[in-house]
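Notes for the one structure printed next.
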Amino acid sequence: RINPSGKLPLTWPKRLEDTPTFLNFPGDGMQVNYGEGIFVGYRWYDARKIAPLFPFGHGLSYTDFEITAISADCDTFTDDIEISVTIKNTGNSSGKTVVQLYVSDEESTLTKPVRELKNFRKIHLEPNEEKTICFKLDRHAFESYDPNISQWTFEEGYYTISAGLSSRDIQAECTVYADVKSPYSYGGETSVRTIMETPELSAILKDFFTEYKLPWSAILTSFEYTAQDKISMILKQVNCSFSDAEELYRRMLAVKKK
């Protein structure tokens, strides 16, 4: 008569040893080390690839649901983006489920969780009924806090938007590109290693050094011995003018980050 349609608001582990605080709590004497950092809840189990007894967002039902499609209103965005998710009740009973929207940034500069819940909605469906629901994600859904510069940052690059019925029941995904400028954008702060290991940037840098008759050996030496040097430092060492360096940064900024 009634389909409870409840969902877990936490992850239920198989063992106490699987929990993120196992080695840190209750601590030594009066000192407790907050060692899990941002990896609390499902973020920990995903990062460590630990199978929980019941995942975050899991729930039982007298019917079955299937997410059949996901799409974004644009491939490239700078601020807001709208995600459409289609879900169907494939069983014989009416019921509710919670559609969960996660965001992943696999090629990020900062350390981030495998995926993060950014929106969700509970929806009621009759047997064989199908509905499309829309989620709006603003730039805050893609930001992460960088303690080194004490600010929230929105890094450019590709993001995967995932729709699921729990943190481990991901049923549909789409990819979007954030065309923004961040503290990690390619430019003077980019390391020689990053440039040399990114084919598009390496080609731009080599063409630039040839065009402006700068010694390419300075790049090769840095890459071999001090690959973490910033390109701005190398340009100063080879007496590259400020205006010429700005031209290189402009060319580098045109390369899409992965």
Matching option when the condition is surrounded by 14 or more Cβ atoms within 10 Å (Cβ to Cβ) and either over 16 Å from GLU116 (Cα atoms) or of a type in the set (Val, Ile, Thr) (or both), among PHE39, PHE54
PHE54
Would you say TYR186 is out of contact with any helix residue (DSSP H, G or I) (no Cβ under 7 Å at 6 or more places or on another chain), closer than 30 Å to LEU235 by Cβ and in contact (Cβ under 8 Å) with a residue 12 or more places away in the chain?
no
Kindly provide the set of residues from the stretch 153-186 that are assigned to a strand (DSSP E or B), closer than 28 Å to GLU66 by Cβ and not hydroxyl-bearing (Ser, Thr, Tyr), ordered by number.
ILE161, ALA163, GLY164, ILE170, GLN171, ALA172, GLU173, CYS174, VAL176
Filtering the stretch 132-146 down to residues that are open to solvent by 60 Å² or more (accessible area, probe 1.4 Å) and assigned to a strand (DSSP E or B) yields THR132, LYS136, TYR145
Scan VAL99, VAL114, VAL103 and give me the residue that is of a type in the set (Val, Ile, Thr), under 23 Å from LEU10 (Cβ atoms) and either modelled with pLDDT under 95 or open to solvent by 50 Å² or more (accessible area, probe 1.4 Å) (or both).
VAL114
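Table: residues versus (1) within 27 Å of VAL180 (Cα to Cα); (2) in contact (Cβ under 8 Å) with a residue 12 or more places away in the chain; (3) under 24 Å from the mean Cα position of the chain (by Cα).
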site	(1), (2), (3)
VAL32	no, no, no
TYR45	no, yes, yes
LEU53	no, yes, no
HIS58	no, yes, yes
PHE65	no, yes, no
PHE77	yes, yes, yes
For the stretch 191-202, name all the residues that are assigned to a helix (DSSP H, G or I), over 14 Å from TYR249 (Cβ atoms) and open to solvent by less than 50 Å² (accessible area, probe 1.4 Å).
VAL192, MET196, SER202
Across the stretch 189-228, which residue is farthest from ILE87 (Cα to Cα) among those that are aliphatic (A, V, I, L, M), in contact (Cβ under 8 Å) with a residue 24 or more places away in the chain and out of contact with any Cys (no Cβ under 8 Å at 6 or more places or on another chain)?
ILE219
Limited to the stretch 207-226, what total is found for residues that are among the charged types (D, E, K, R) and either in a loop (DSSP other than H, G, I, E, B) or under 31 Å from the mean Cα position of the chain (by Cα) (or both)?
2
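The values are calculated or read from the model by the stated rules, or taken from the named source; none is laboratory data. Model, not experiment: these values are computed from the prediction. Don't worry about glycine lacking a Cβ; one is built from the backbone with ideal geometry, like all the others, and counts go over all protein chains shown. Keep in mind that these areas ignore ligands, DNA and RNA; they rest on the heavy atoms of the full protein, side chains included. Shrake-Rupley method; radii C 1.70, N 1.55, O 1.52, S 1.80 Å.
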